[in-house]
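Take a look at the structure set out below.
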Amino acid sequence: MKRIPLTAQGAARLRAELENLKSVARPRVIEAIAEARAHGDLKENAEYHAAREQQGFIEGRINELEAALSYAEVIDVAKLNAGSRIVFGAIVELEDPHSGDAVTYQIVGDLEADIKEGRISVSSPVARALVGKHEGDLVEIQAPGGVRRYEVVSVRYEAD
């Protein structure tokens, strides 16, 4: 299996989620299964079946996180010394030159991407268009709604 790139912050978030699943969610669902089992007939016990289904989701996520973390390559963004060039881990501020709309993204690994938090996957079309560019560059990004043009306003790297 190939190495999975993660920022140190992303790896810490995944480890925290894994710890929460193991120490909080798993015991809670085991308790719910035991309680539902005590109600008797399991064939028509909706609480039991719901708890078993949730247990399956939790165990699946635990396995997924353990596998991902075992193959993770944690990249310390502070040591990259990329300057104003955009690479993995960069926090990039973009501005639409026509409308003046600004957006900020951090380029992260696939597992830690969360568009609501402004973290985009390094394999996304936006990140691929940005990697290698510098502050002041104009970037064309092929989006579903057509080509979007942005100016790279700033590039920074935060220590984890």
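Derivation of every value follows stated rules applied to the coordinates shown; laboratory data play no part. Keep in mind it's a predicted model, so treat the numbers as computed, not measured. Here the Cβ is made from the backbone with ideal geometry for all residues, glycine too, and neighbour counts use every protein chain on show.
Assuming charge only on the beta carbon of Lys and Arg (+1) and of Asp and Glu (-1), the dipole of the stretch 15-80 about its Cα centre is about 100 debye to the nearest 20. Computed from point charges on the beta carbon alone (+1 for Lys and Arg, -1 for Asp and Glu), the dipole magnitude for the chain about its Cα centre is near 380 Debye. Kindly work out what percent of the DSSP beta bridges joining two residues of the chain are antiparallel, to the nearest 5. Of the beta bridges lying entirely in the chain, close to 70 percent run antiparallel.
Within straight-line reach of residue 133, meaning a Cα separation under 23 Å, sit the following lysines at least 8 residues removed in sequence or on another chain: 79. The simple spin-label model puts a point 7 Å past each Cα toward its Cβ; for residue 39 and residue 19 those points are separated by 3.4 nm.
On full extension, the segment bounded by residue 30 and residue 76 gains 12.8 nm, given 0.36 nm per residue less the C-alpha separation.
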